[in-house]
Amino acid sequence: MIKTEKKGLLAIEGFPVMLVFVVIILAFMKTAPNAFLRPTIYMSFLTYNAPTLVLAAGLTLIITAGEIDLSFPSVIAFCGMVFAYLFHITGMIFIPFLAALAAGAFIGYMNGLILTKVGIPSIMTTLGTNFFWTGLTILISGGVSLNVNPIKGSLLHALLVGRIGDLFPAQAIWSIGLTIFVWYLLNRHTFGESIMFIGDNVNVARVMGVNVDSTKIKVFTLMGLMGGFAACLLTFEMTNFWTNQGSGFLLPVMAAVFIGGTSITGGEGRVIGTLFGMFIVGSLETGVTASGVGGFWTRLTTGLIMLGSIALNIVLDRTNGKRLCFFDNLKNSVFTKGLKKE
């Protein structure tokens, strides 16, 4: 896998989507100053978009590996149910929390196992498991929601979703911290190199000595674990479990990843781009509504911005690639002429 070295602003990962985000926020500051010139709305973004960011960071790894995961909405529901039911049965908080994480990791592990050992493509594997785990959640819970309000005031609740200084949400620290961890894993660790090799060309990855099956299983297991953690953040914040609590995450999470510039064909992931992509998706509905435009414009606006961000990423990458190619050819030409003169 050969990467062209970027120079200038394009050397900053996710720069195009950062630019789009800044333009959007400036536009909302102009059209809805009462909302976007106050810090509370940004704290609200960090609070309610923390699970989305955790899921999007994990999905960035999956897509970089050339795969897809459509099962994480069911992970949110199932793991939320595991925590809520064990909490009601045991009265404890920490053990149900660990059980929810383990349940998410198990779902991810099974996805990876089916993909690699059975050979079913990831899109069909995760679509099928999404239906399975959603159905199992409804079957076990009977379609009934569970209130977990007594967890308020506990140490774990304060650590996960408490407020720092009565304003800054703790879940923002967790979600951004996990995003930084995923960035490090992808860009500074051999595991990330293996993921990118697999996404770029799985056959070349095997020749290079990458254990493709093991790496894919680990990626899906990590995605499941992060899905379980996102489920806990959501359940702890809302102090409630409901059977369809993961149903609204699929499109925003995927939009955040692709707006961020991660290649849909695999081989290249941009975690920082995913972070700003999440902020764009999370701010649109509030911003469009606060600007006095009907809420039904939100999806239309999201679609346009998603296409525009992806197009900007592609154009800048191509422009930078052509520029580097031109200078490389120029250097080679000058070097060749120098050899001939000698």
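The values are calculated or read from the model by the stated rules, or taken from the named source; none is laboratory data. Quick caveat: nothing in here was measured; it's all calculated off a predicted structure. Ideal geometry is used to build each Cβ from the backbone, glycine not excepted, and the neighbour counts take in all protein chains shown.
Of all residues assigned to the range 144-159, none qualifies as being surrounded by 13 or more Cβ atoms within 10 Å (Cβ to Cβ), within 20 Å of the chain's Cα centre (by Cα) and part of a helix (DSSP H, G or I). Candidates in the range 268-313 are the residues that are in a helix (DSSP H, G or I) and of a type in the set (D, E, K, R); of these, the one that is nearest to residue 39 (Cα to Cα) is 285. Taking the numbered list (1) within 25 Å of residue 264 (Cβ to Cβ); (2) at pLDDT below 95 in turn, residue 91 passes all entries but (1). State all residues of the range 109-143 that are more than 18 Å from residue 245 (Cβ to Cβ) and within 19 Å of the chain's Cα centre (by Cα); if no residue qualifies, say none. Answer for the range 109-143, where residues must be more than 18 Å from residue 245 (Cβ to Cβ) and within 19 Å of the chain's Cα centre (by Cα): 109, 111, 112, 122, 123, 126, 127.
Among the residues of the range 78-92 satisfying the criterion of being surrounded by 20 or more Cβ atoms within 10 Å (Cβ to Cβ) and among the hydrophobic types (A, V, I, L, M, F, W, C), which is farthest from residue 179 (Cα to Cα)?
Of the residues in the range 78-92, the ones surrounded by 20 or more Cβ atoms within 10 Å (Cβ to Cβ) are 78-84, 87.
Filter again for among the hydrophobic types (A, V, I, L, M, F, W, C), leaving 78-79, 81-84, 87.
Numbers: 78: 23, 79: 21, 81: 25, 82: 25, 83: 24, 84: 26, 87: 28 Å.
Looking at the filtered set, the residue picked out is 87.
Output yes when any residue across the range 54-77 is buried (at least 24 other Cβ atoms within 10 Å of the Cβ), of a type in the set (Asp, Glu) and over 12 Å from the mean Cα position of the chain (by Cα), and no when none is. Taking every residue of the range 54-77 in turn, at least one turns out to be buried (at least 24 other Cβ atoms within 10 Å of the Cβ), of a type in the set (Asp, Glu) and over 12 Å from the mean Cα position of the chain (by Cα).
Scanning the range 211-258 for residues that are at pLDDT below 95, β-branched (Val, Ile, Thr) and surrounded by fewer than 19 Cβ atoms within 10 Å (Cβ to Cβ) yields a total of 1.
The residues on offer are 5, 67, and the sole one that is modelled with pLDDT of 85 or more and either at positive phi or not in a helix (DSSP H, G or I) (or both) is 67. Identify all residues within the range 259-270 that are crowded, with 19+ Cβ neighbours inside 10 Å and within 28 Å of residue 134 (Cβ to Cβ); write none if there are none. Listed by number, the residues that qualify are 259, 260, 262, 266, 269. Checking 116, 125, 137 one by one, the residue that is free of Cβ contacts under 8 Å to residues at least 60 places away in the same chain, surrounded by 15 or more Cβ atoms within 10 Å (Cβ to Cβ) and part of a helix (DSSP H, G or I) is 125 and no other.
Look at (1) more than 23 Å from the chain's Cα centre (by Cα); (2) among the hydrophobic types (A, V, I, L, M, F, W, C); (3) at pLDDT 95 or above and you find that residue 183 fails only one, number (1).
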